[in-house]
Amino acid sequence: MGDLSTFPGLQTPVSRHSGTSVPRVDAVEKVRGETRYLLDRLPEGVWYGGAVRSPATHGRLRALRFDPSFDFTRLAVVLPADVPGVNAIRMAADDMPCLACDEVQYRGEPLALIAAPDRATLAAALAAVRPEIDPLPSLVGIDAVAALARGNPSALHDLHQLDITRGDVAAALASADVIVEGEYVTPPQEHVYLEMQGVVAAPLAGGGVRISGSLQCPYYIRPAVAAVLGVPPEAVIVEQWPTGGAFGGKEDYPSVIAAHAALLARACRRPVVVTHDRQQDIEVTTKRHASVTRLRTGVRRDGTFVALDAEFVIDGGAYVTLSPVVLSRGAIHLSGPYAWPSVWIRARAVRTNEPPAGAFRGFGAPQALFAIEAHVDEVAARLGLDPLEVRRRNLLTMGATTSTSQILRESVGIEPCLASVLRDSSYAARREACARQAAGGGDTARGVGLALFWHGGGFTGAGERKMEPRAAIELQPDGTLDIRAANTEFGQGTLTSIAQIAADACGLGMDLVRYPLPDTSLVPDSGPTVASRTTMIVGRLVELCARELVGEVGRRIGATPAEAGTFIRPDGARLDWHAAARAACDGSTLRVERRYEHPTHLAWDEETYRGDAYAAYSWGAVVAEVTVDRATLEVRCDEAWSTLDIGTVINPREARGQVEGGMVQALGYALLERVTYTPDGRPLENRLQTYVIPTSADVPALHVSFVEVPYSNGPFGAKGLGELPMNGLAPALRNAVRHALGAAPARLPMTPDAVLAALTATATAIR
Amino acid sequence: MEGGAITRQWTINGTPRRVTFEPAARLLDVVRDVLGLTGTKEGCGEGECGACSVVVNGVLKLSCLQLAAAVPDDALLVTVEGVGATPIGRQLQRAMVERGGVQCGFCTPGFVVAAWWYVESRPPVSAREALAGNLCRCTGYQGLVAAVTQVAEEVAASDGERS
């Protein structure tokens, strides 16, 4: 643990559970196979729902032809005209139809809905509807986007656009010793949560509906479904069932299928499940935004950064969905954990005829950080400096200013992260050994790469202040605490870490704290489970609720809270927790609810994109070693080391699990994973045979450690964690390949063909 | 329906059962829908992810690719629910909990079954290689490999003591 006594913002030292790897509350039932996910708990009499989908990439829908030989009368059919409310799925904008009825914007776009008593009948019915579409010209694929961004940028249609500016970039570039330019490309990435998307909608009396299933954000689904049904939000109840992975993939997309299921349930007056098989799940759900980043950086000969001039273009797919928010986070993180005296970042989310891109762990930052961290190694090579020295010279430190002109006032841990990872990996010695080996020729070349990264915790800018998340704790007369929050468990350990925080704040054992999966009829809106905000923001809310609860119990029974959940009466008698709870509840329950208060000294201007983008950042450094086969150009990660500053670590085992899992997703992103589209919009990688993710045999030993630089407004000093580990390993691997071969792709994934292209380009340039 | 239903007599997790299913049924669907053993999961339906792993007559099988009708009478089937009733199964489950081998839990039953088969039948490969037929997107495999390696070593050591 870090030395918390030196940190004045903390009210209490870390106590019994926080900082301890207490067992996950859900682990035993999971290893026994007893946890019941959506398809393990379908209600009696459920029908199966699905969508008639566009076979065209872009076009005008002329008609839906229903095969007259198929009997549709015993099924439920929903057409756009049957949507009682707004025919749109509400996210950052209202532009995405629930069911497209005029222009179709991507292959697989839903056009009509059908529900049937069984899967076979549903499949037959869907096949008996033929959309007739007049094709229109389409734009598909990040290479087509990159070509336009280079040659004809005005031909790209913006879904959203923003600029970040600081200082005078033109003047700074003119004064720089060296200008280094580069273009970096990243592919769409599929989440591959192991449980496919799925929800059940069940009609409620009075026109409402209950949505249950595999999802991240109950309070995103509620207004989206209510708008489609034309009912007040309260008429829609959303509950999470155990969820087999999400990674952002179940942040936005469940609103789509929940709306579909709700419409079908209303049509057939019975529960309807909408789910996918794996191929459909890969073909129609969101992906990580593909990106192209064009950088022009001015530096001094000693490696000091003077100007960052960047164009950051992300492929949003067919509709706005969450692209403005992804764009924002990507653009803010693009400068990396470095101080740039002048910055001009022009960020655009552009429309293509691909399925809408969406939330995926990292949320724009992995794309931006791949670009900047690959570029820093190119800058170092141009200057003839060690990439480590260039990074060291420009690190953000306490009091430094970020690209959004935020002055960092606390919890800046990038320097200790770097020092730790260099030590753990024996960086200098390892790099030298690899360089000797690579110079010696042979069948393989080894290389060592480094990358530094950061991630802001919570919503960007004024987001948390505007949404005012709330959480509650209910004390039962038997002394049990029920945490009431809308935050979901999908593997990260939310239920365990939030319970640890509550138990510690009350001085109780874990056995007295319950955190049921959320149901909007029971829990306040503590916000979505996204943006690395659950521990840092909601954990803090729960901590404050718990402290207030202890105080309220004391007031009600006229006693003073003491250690380990006990109370002392004025006469000196000590009451244990159970006796105090029983007396304080007086046969009922005692509920404490709190509203989040954003630190008042933080300011953000959405117009100029300046100010305190995040209350606190988490930081990380990663070193990776690779072996490249000189004959096949296959890249293999041999070992990797990462040190992260996430503030106080609430549960070390689960935190390590988050880091290891994120690193392996980043390893797949760097070496294996991509979705490529044919010119007519067909994804070539649409099943797990072709969309390849790492197995245990692809993953080397990962060495993870933490430095703890606490944050004053986090629970016991904790900051955000979930997304950070996705941000660094991909550029570290790229830089390791560069170290091994003297050249490396400026794009992901680094498949042998991409490595060959990079080597060929370098050889041509030298010639 | 051509052919009509098929009936087999199997021993499932130690209990003899008569099972009736459609001729084209996958073993996965029979395990889940007919036998009601929902611990076995479908993650891809094409033999890539291993979430549907079961053991049939001592052989690790992907039940999504296995025609149920091709499993003969008197076959011995073990699913995750049965693995947990064995000493090695319990040892593995405990190690997975302790070593951080569990997150979302959806791939977990498949890993439990594959790991149990590995520890019981001892093919000459490391745990890291033995688990490569199962996909996990959450853990990064470190906790899983550590747990299975640990139990394989413990079991080998205790066998050594016994002999």
Checking A:VAL140 against (1) outside any loop (DSSP other than H, G, I, E, B); (2) within 22 Å of A:ALA746 (Cα to Cα), which single condition isn't satisfied? (1)
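Out of B:GLN93, B:GLN103, I need the residue that is part of a helix (DSSP H, G or I), without any contact (Cβ under 8 Å) to a residue 40 or more places away in the chain, at the interface with chain A (Cβ under 7 Å from one of its Cβ atoms) and within 22 Å of A:PRO242 (Cα to Cα). Which one?
Details: B:GLN103 fails: part of a helix (DSSP H, G or I).
When all the criteria are applied, what remains is B:GLN93.
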Working only within the stretch A:385-418, note down all residues that are within 27 Å of the chain's Cα centre (by Cα) and either β-branched (Val, Ile, Thr) or farther than 30 Å from A:PRO599 by Cα (or both). A:ARG391, A:THR397, A:THR401, A:THR402, A:THR404, A:ILE407, A:VAL412, A:ILE414
Pick from the stretch B:106-128, criterion part of a loop (DSSP other than H, G, I, E, B) and more than 8 Å from chain A (Cβ to nearest Cβ), ranking: surrounded by the most Cβ atoms within 10 Å (Cβ to Cβ): B:SER126
Among the residues that make up the stretch B:42-51, is at least one of them free of Cβ contacts under 8 Å to residues at least 40 places away in the same chain, on the phi > 0 side of the Ramachandran plot and within 13 Å of chain A (Cβ to nearest Cβ)? yes
Of the residues that make up the stretch A:584-601, is at least one surrounded by 14 or more Cβ atoms within 10 Å (Cβ to Cβ) and free of Cβ contacts under 8 Å to residues at least 60 places away in the same chain? no
I'd like the full set of residues that are under 30 Å from B:LEU135 (Cβ atoms) and more than 14 Å from chain B (Cβ to nearest Cβ), limited to the stretch A:202-251. A:ILE211, A:SER212, A:CYS217, A:PRO218, A:TYR220, A:ILE221, A:VAL238, A:GLU239, A:GLU251
Look through A:GLY509, A:GLY554 and report the one residue that is crowded, with 19+ Cβ neighbours inside 10 Å, over 28 Å from the mean Cα position of the chain (by Cα) and over 30 Å from A:ALA365 (Cα atoms). A:GLY554
Return a yes/no flag: does the stretch A:277-286 have any residue that is in contact with an Asp or Glu (Cβ under 7 Å, 6 or more places away or on another chain) and away from every other protein chain (no Cβ under 14 Å). yes
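Out of all the residues in the stretch B:129-145, is one or more more than 10 Å from chain A (Cβ to nearest Cβ) and under 29 Å from A:GLN240 (Cβ atoms)?
Scanning the stretch B:129-145 turns up no residue that is more than 10 Å from chain A (Cβ to nearest Cβ) and under 29 Å from A:GLN240 (Cβ atoms).
Condition check ((1) within 14 Å of chain B (Cβ to nearest Cβ); (2) out of contact with any helix residue (DSSP H, G or I) (no Cβ under 9 Å at 6 or more places or on another chain); (3) surrounded by fewer than 20 Cβ atoms within 10 Å (Cβ to Cβ); (4) not small (Gly, Ala, Ser)) across all residues:
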{"residue": "A:ALA155", "(1), (2), (3), (4)": "no, no, yes, no"}
{"residue": "A:LEU159", "(1), (2), (3), (4)": "no, no, no, yes"}
{"residue": "A:LEU173", "(1), (2), (3), (4)": "no, yes, yes, yes"}
{"residue": "A:ILE179", "(1), (2), (3), (4)": "no, no, yes, yes"}
{"residue": "A:GLU183", "(1), (2), (3), (4)": "no, no, yes, yes"}
{"residue": "A:GLY198", "(1), (2), (3), (4)": "yes, no, no, no"}
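Within the stretch A:342-391, track down each residue that is of a type in the set (Phe, Trp, Tyr) and outside any loop (DSSP other than H, G, I, E, B). First the steps, then the outcome.
In the first step, residues of the stretch A:342-391 are kept if they are of a type in the set (Phe, Trp, Tyr); the result is A:344, A:360, A:363, A:370.
Residues satisfying the conditions are A:TRP344, A:PHE370.
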Boolean, A:LEU667 is surrounded by fewer than 22 Cβ atoms within 10 Å (Cβ to Cβ) and either more than 24 Å from the chain's Cα centre (by Cα) or within 14 Å of chain B (Cβ to nearest Cβ) (or both): no
For the stretch B:52-86, what are the residues that are among the small types (Gly, Ala, Ser) and free of Cβ contacts under 8 Å to residues at least 40 places away in the same chain? B:SER63, B:ALA70, B:GLY84
Exactly one condition in (1) under 20 Å from the mean Cα position of the chain (by Cα); (2) buried (at least 24 other Cβ atoms within 10 Å of the Cβ); (3) more than 30 Å from A:GLU639 (Cα to Cα) is not met by A:ILE473; state its number. (1)
Just wondering, is there one or more residues in the stretch A:135-143 that are closer than 24 Å to A:GLU44 by Cβ and of a type in the set (S, T, N, Q)? no
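Identify, from the list A:ASN713, A:ASN735, the residue that is among the polar types (S, T, N, Q) and touching an Asp or Glu at 6+ places or on another chain (Cβ under 6 Å). Before the answer, list the steps.
On the way: A:ASN713 fails: touching an Asp or Glu at 6+ places or on another chain (Cβ under 6 Å).
A:ASN735 is the lone residue from the list that is among the polar types (S, T, N, Q) and touching an Asp or Glu at 6+ places or on another chain (Cβ under 6 Å).
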In the stretch B:67-90, which residue that is more than 7 Å from every other protein chain (Cβ to nearest Cβ) and part of a loop (DSSP other than H, G, I, E, B) is surrounded by the most Cβ atoms within 10 Å (Cβ to Cβ)? B:THR79
Given (1) within 14 Å of another protein chain (Cβ to nearest Cβ); (2) not in a strand (DSSP E or B), where does A:SER705 come up short, assuming only one miss? (2)
Those residues of the stretch B:52-66 which are in contact with a strand residue (DSSP E or B) (Cβ under 7 Å, 6 or more places away or on another chain) and either not charged (D, E, K, R) or not in a strand (DSSP E or B) (or both) amount to B:CYS52, B:SER53, B:VAL54, B:VAL55, B:VAL56, B:ASN57, B:LEU60, B:LEU62, B:SER63, B:CYS64, B:GLN66
What pairs come out if I take residues in the stretch A:686-699 that are at the interface with chain B (Cβ under 7 Å from one of its Cβ atoms) and pair them with residues that are of a type in the set (Phe, Trp, Tyr) whose C-beta lies under 7 Å away, six or more apart or interchain? A:SER696/B:TYR141; A:VAL699/B:TYR141
Among (1) assigned to a helix (DSSP H, G or I); (2) within 18 Å of A:VAL699 (Cα to Cα); (3) touching a Leu at 6+ places or on another chain (Cβ under 6 Å), the one test that B:VAL151 misses: (2)
Please identify the pairs in which a residue from the stretch A:84-105 that is farther than 23 Å from A:CYS217 by Cβ has its Cβ atom under 8 Å from the Cβ atom of a residue that is aromatic (Phe, Trp, Tyr) and in a loop (DSSP other than H, G, I, E, B), counting only partners at least 6 apart or on another chain. A:GLN105/A:TYR319
For the stretch A:196-242, give me every one of the strands (runs of 3 or more DSSP E) that falls completely inside it and has 1 or more residues that are modelled with pLDDT under 95. none
Regarding A:LEU111, is this residue crowded, with 18+ Cβ neighbours inside 10 Å, under 30 Å from A:ALA310 (Cβ atoms), in contact with a Lys or Arg (Cβ under 7 Å, 6 or more places away or on another chain) and not acidic (Asp, Glu)? no
Restricting the search to the stretch A:37-53, which residues are of a type outside the set (Val, Ile, Thr), within 14 Å of chain B (Cβ to nearest Cβ) and touching a residue at least 24 places away in the same chain (Cβ under 8 Å)? A:TYR37, A:LEU38, A:LEU39, A:ARG41, A:LEU42, A:TYR48
Only one of (1) surrounded by 19 or more Cβ atoms within 10 Å (Cβ to Cβ); (2) within 14 Å of another protein chain (Cβ to nearest Cβ); (3) more than 20 Å from A:GLN197 (Cα to Cα) is not met by B:GLY36, so which one is it? (1)
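The values are calculated or read from the model by the stated rules, or taken from the named source; none is laboratory data. This is a predicted model, so every value here is computed, not measured. Cβ: placed from backbone, ideal geometry, glycine included. Neighbour counts: every protein chain shown.
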